[in-house]
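The values are calculated or read from the model by the stated rules, or taken from the named source; none is laboratory data. Bear in mind that the values here come from a model prediction, so they are computed numbers and not experimental data. Glycine also receives a Cβ, built like all others from the backbone with ideal geometry; neighbour counts cover every protein chain displayed.
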Amino acid sequence: MDNNVGRYERYRLWDYVRELKEKGLVRHIGFSFHSGPELLEKLLQEHPKVEFVQLQINYRDWEDPSVRSRANYEVARKYGKPVVVMEPVKGGSLAKPPQEVKDLFTAYHPEMSPASWAIRYVASLEGILAVLSGMSNQEQMRDNLSYMASFTPLNEEEQHIIHEAQRILGNSRTIPCTACSYCTKGCPQQIAIPEVFRAMNLYLGSGQKEQAREAYRAISNKADLCIACKQCEAVCPQHIRIADRLREAKEVLE
Ligand code: SF4
Ligand code: SF4
């Protein structure tokens, strides 16, 4: 896309599509995008008439440094643009994830396909206009219809299972808290550390900021009480920098 933008300007393609819309020949103007958030922001600033953006989003690419699904998605949301999702199953690869990921999924929903987890993940994001899923046969179409005909967004437990899958695939910013609660016993402020991290992971793993804030609000002893004594860090088997991550949670969720 970077290379094409100059050509769009040179041949006045933005004006051309706007004219088509004015003539009633197209209903909505949008574009498919494969570059990074800086360029997306520039285009949305310069072309406020754009009504939607098509982005590559899936749980594997959410934090991928070359695809940058999350960063692009956040720019589209910042400008209030609905998103059409492409590559929700990452070219079919998430229909056949590693066995460890498959086991996670089937332990929770023995009857549901790995592809269904990938598609429901993106369809559960806020502001999604459509999810484009390439299907090669009737079996795949039936599978898609079985959970999209009456769509239910991922619940909190399912979101956490996806975060585990992201971690296994080595592409996650989520906090690797296992909720063992070793840290809470010695905390002088009795902060509900695992619950705070669980709420924060809703945001970090799938951008569900409102859902994360709601989960955070329901916690009685929150991150703001932390005095950074770091007693908890000495016992955390996952070596999480708990005080820093609590400060981060406070900034994002309060
Ligand atoms: S650093 Fe914060 S969370 Fe950890 S024990 Fe101290 S007060 Fe509790
Ligand atoms: S000790 Fe570490 S892994 Fe265990 S609940 Fe606390 S933060 Fe999470």
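Every residue, every condition in (1) in contact (Cβ under 8 Å) with a residue 24 or more places away in the chain; (2) assigned to a helix (DSSP H, G or I); (3) aromatic (Phe, Trp, Tyr); (4) within 16 Å of ligand 1 (Cβ to nearest atom), yes or no:
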site	(1), (2), (3), (4)
Tyr147	yes, yes, yes, no
His163	yes, yes, no, no
Cys187	yes, no, no, yes
Ala199	yes, yes, no, yes
Gly205	yes, yes, no, no
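Residue check: is Ile240 surrounded by 17 or more Cβ atoms within 10 Å (Cβ to Cβ), part of a loop (DSSP other than H, G, I, E, B), within 28 Å of the chain's Cα centre (by Cα) and near ligand 1 (Cβ under 9 Å from one of its atoms)? So that I can check it myself, show each step before the final result.
Details: surrounded by 17 or more Cβ atoms within 10 Å (Cβ to Cβ): yes; part of a loop (DSSP other than H, G, I, E, B): yes; within 28 Å of the chain's Cα centre (by Cα): yes; near ligand 1 (Cβ under 9 Å from one of its atoms): no.
It is false that Ile240 is surrounded by 17 or more Cβ atoms within 10 Å (Cβ to Cβ), part of a loop (DSSP other than H, G, I, E, B), within 28 Å of the chain's Cα centre (by Cα) and near ligand 1 (Cβ under 9 Å from one of its atoms).
For Gln238, the requirement of being in contact with a Cys (Cβ under 8 Å, 6 or more places away or on another chain), within 15 Å of ligand 2 (Cβ to nearest atom), touching a residue at least 24 places away in the same chain (Cβ under 8 Å) and farther than 30 Å from Asp64 by Cβ is not met. Restricting segment 211-230 to residues that are over 14 Å from Val196 (Cβ atoms) and loosely packed, with under 15 Cβ neighbours inside 10 Å leaves a set whose member that is farthest from the chain's Cα centre (by Cα) is Cys229.
Taking the criterion of being aliphatic (A, V, I, L, M), more than 16 Å from ligand 1 (Cβ to nearest atom), out of contact with any Leu (no Cβ under 9 Å at 6 or more places or on another chain) and farther than 15 Å from Asn58 by Cα, would at least one residue in segment 170-184 satisfy it? The answer is no; no qualifying residue exists.
Looking only at residues of segment 165-182 that are of a type outside the set (S, T, N, Q) and buried (at least 22 other Cβ atoms within 10 Å of the Cβ), we find that the one that is farthest from Lys230 (Cα to Cα) is Ala165.
When you check Ile162 against the structure, is it assigned by TED's automatic domain parsing to the domain that holds Val89, buried (at least 22 other Cβ atoms within 10 Å of the Cβ) and either of a type outside the set (Gly, Ala, Ser) or more than 18 Å from the chain's Cα centre (by Cα) (or both), yes or no? Judged against the criteria, Ile162 is a match.
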